[in-house]
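Beneath this line is the structure, given in structure tokens, with notes to follow.
The values are calculated or read from the model by the stated rules, or taken from the named source; none is laboratory data. The shown structure was predicted, so the numbers you read here are calculated from the model rather than taken from an experiment. Every residue, glycine among them, receives a Cβ derived from its backbone with ideal geometry; neighbour counts consider all protein chains shown. The protein model used for the area step is the full one, side chains on, heavy atoms only, and it has no ligands, DNA or RNA in it. Shrake-Rupley method; radii C 1.70, N 1.55, O 1.52, S 1.80 Å.
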Amino acid sequence: MKNLQGSPEPVICIVENNYSNIKLLSSLLRENEYEFVVAHSTEEAIKTLQNISVDIILINLTSKEKLQICRFVQTLESTKNIPIIFIGANQNEINQVQQLNIENLDDIKMPIQADDVLTKIKCHLQIHSLKKQLQSKEQKLQQEIYLREKVENELKEHKLMLESLRENLPGMVYYSSNDCNLNMNFVSDNFYSLTGYQSEELIQNKIIYSQLIYPEDRKYLWQERQKALLNNQPFQLIYRIITAKKEIKWVWEQGKGVYCSDGEVLAIKGLIIDITAQKQVESELTKQNIALQKAETALIIANQQLQKVAKIDGLTGIANRRSFDEYLEKEWRRLTRTKLPLSLILCDVDYFKYYNDYYGHLAGDDCLRKIAQSIKQTVKRSADLVARYGGEEFAIILPNTSGENAEKVVELIRTAIHKLYINHSASRVSKYVTMSMGVASVIPTKTESPQSLIAKADEALYHAKEKGRDCVVFFNRDCIKGTQTYLKNNLSYPKSQENVTQSFLLAIS
């Protein structure tokens with residue numbers, strides 16, 4: 001599998017058979033310098049995914065075809081982590097696909113909104129990129145774990161070898177007096193291979209063994225040896241010696257005292273073994289442990305960044321729709337138990353499409369960022385959540401908040417937006433940017449769902465727009481119930497797909 005024309009840039013696969021939607025999406029992606037390919041059917045999509053490495057899949061086909069493509073994506077190691085975005089999917093379709101355990105599944109409401117498409121593409125590309133980095137780090141970590149296990153195995157083998165050598169009296173066997181110079185009365189022939197000196201030189205006192213001990217280790221060894229001998233205990237010591245060639249070696253010494261009848265120490269007998277190779281292995285293992293700890297730390301940081309990006313709206317820096325849905329569900333369950341109120345505010349920037357058409361999408365993005373930060377600064381409680389609900393819509397979840405207190409919060413938000421004084425010459429309600437707001441407050445119960453609260457706030461928002469915009473409507477107080485049916489994710493403007501698509505194409509042409 002290879003990238004489109006060997007391009008290092010992300011590649012987006014559009015799976016669509018509607019010419020108007022293809023034209024709209026192609027124009028949008030081309031304007032934003034994204035590489036993309038188009039498949040008009042399930043068969044074309046599968047063939048494309050088998051031959052081209054893509055980073056995001058946009059699908060707008062029938063429910064059955066969507067399910068077929070998702071099942072295929074899950075069968076290949078190279079495609080199972082690719083983010084999938086449905087266009088105009090209903091909740092039943094999403095529920096069916098979620099049963100396949102697809103991690104990166106999202107949807108875009110119809111009619112297609114440029115800001116929504118670009119924001120979700122940008123967000124999922126960031127997540128996909130971080131996952132690739134995470135996979136690379138995991139592979140590196142596995143390699144380091146393999147190396148660590150190899151070093152540990154080598155260390156075990158070396159220790160087994162040392163045990164075998166000890167059983168067969170390897171190294172230098174000695175018999176010495178108990179004094180600070182450790183004068184040797186006898187040493188085995190292995191003394192030469194250990195120190196580079198002839199054993200006769202040591203016996204004839206031409207050299208003194210204590211002088212071969214590394215200077216910094218001498219005092220410690222004398223104290224530890226005497227402590228063991230006074231308690232009639234054997235001792236084991238690890239220290240450094242300097243050889244005839246001025247090399248530093250690590251040695252392991254095991255010895256015990258030879259006592260007379262009154263308990264006085266007559267001599268010391270023991271065994272000294274070269275463990276330099278073992279120490280080198282231990283040193284290498286220590287280095288590998290440090291490297292492994294650094295890799296594990298980097299992995300934790302990458303995971304934290306991934307979790308943060310997955311719940312933050314890429315444009316505004318506040319919580320995204322996924323975070324909103326999870327938090328609302330969580331608070332609904334909690335407040336069902338405590339019988340405390342939960343309030344929800346839905347906000348919509350008035351005539352934002354006209355703003356984009358008049359000032360351009362970059363100015364529109366900047367406008368949304370300013371509004372998002374203004375709302376976040378106004379809503380100060382840590383328990384409250386400010387989220388981008390979609391496009392130019394924002395949502396504020398207020399746990400433990402009655403309708404009366406929610407009214408105070410929403411007026412503070414409305415005032416804060418006014419004080420931004422963002423010019424909006426294309427608005428039909430004010431020369432500055434304004435917002436319409438719908439508020440609903442309930443005490444959650446097990447018989448209802450969070451979607452019922454969203455529907456109430458959405459109805460209130462609809463009436464706020466009907467009343468002329470730049471105002472606040474409360475569901476229980478200001479709405480005329482039964483005037484319109486509201487579904488989850490209901491759009492604020494009841495326009496047909498064809499009209500919205502034509503208006504957008506005219507705007508970008």
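Quick rundown of the values:
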read-out: ARG218 accessible area, 1.4 Å probe, all protein chains in place, Å² to nearest 10; value: 100 Å²
read-out: Rounded tilt (10° steps) of 450-466 against the dominant C-alpha axis of the chain; value: 40 degrees
read-out: Of all DSSP beta bridges in the chain, antiparallel share, percent nearest 5; value: 70 percent
read-out: Value at 222 nm in deg cm²/dmol, rounded to 500, when DSSP H runs of n ≥ 4 in the chain each add -39,500 (n - 2.57); value: -16500 deg cm²/dmol
read-out: About the Cα centre, charge dipole magnitude for the chain (Lys/Arg +1, Asp/Glu -1 at Cβ), debye; value: 1200 debye
read-out: Inter-site label distance for LEU76 and ARG240 at 7 Å from Cα along Cβ, in nm; value: 5.8 nm
read-out: Options VAL281, LEU155, ALA114, ranked by Cα towards positive dipole end of the chain, top entry (Cβ charges); value: ALA114
read-out: Difference of contour (0.36 nm per residue) and Cα-Cα distance, GLN91 to GLU326; value: 83.0 nm
read-out: Summed side-chain charge close to ASN289 - residues other than ASN289 whose Cβ falls under 13 Å, Lys, Arg +1, Asp, Glu -1; value: -3
read-out: Burial ranking of peptide ranges 398-411, 258-271, 417-430 (average Cβ count within 10 Å, highest at the top); value: 398-411, 417-430, 258-271
read-out: Sites LYS23 and ALA277, calculated FRET efficiency, Cβ-Cβ separation with R0 60 Å, nearest 0.05; value: 0.25
read-out: Cα-based helix-to-principal-axis angle, 19-31 vs the chain, degrees rounded to 10; value: 50 degrees
read-out: Solvent exposure of the chain as accessible area per residue, Å², 1.4 Å probe; value: 53 Å²
read-out: Accessible surface of the chain, 1.4 Å probe, proportion on carbon and sulfur as whole %; value: 49 percent
read-out: Additional length obtainable on full extension of the chain from THR447 to VAL265, 0.36 nm per residue less Cα span; value: 56.7 nm
read-out: Peptide ranges 124-133, 108-117 listed from the most packed, as the mean C-beta count within 10 angstrom indicates; value: 108-117, 124-133
read-out: For volume of the Cα convex hull per residue in Å³, calculated from these coordinates, the label among (i) 163; (ii) 197; (iii) 259; value: (iii)
read-out: Relative contact order [Cα under 8 Å, 6+ residues apart], the stretch 269-401, whole percent; value: 30 percent
read-out: Spacing of the two label points (7 Å from each Cα toward its C-beta) at GLU44 and SER129, in nm; value: 2.9 nm
read-out: Gap separating the Cα centres of the stretch 124-153 and the stretch 199-261, nearest whole Å; value: 46 Å
read-out: Per-pair calculated FRET efficiency, R0 = 22 Å: ARG369 and GLU31 via Cβ, rounded to 0.05; value: 0.60
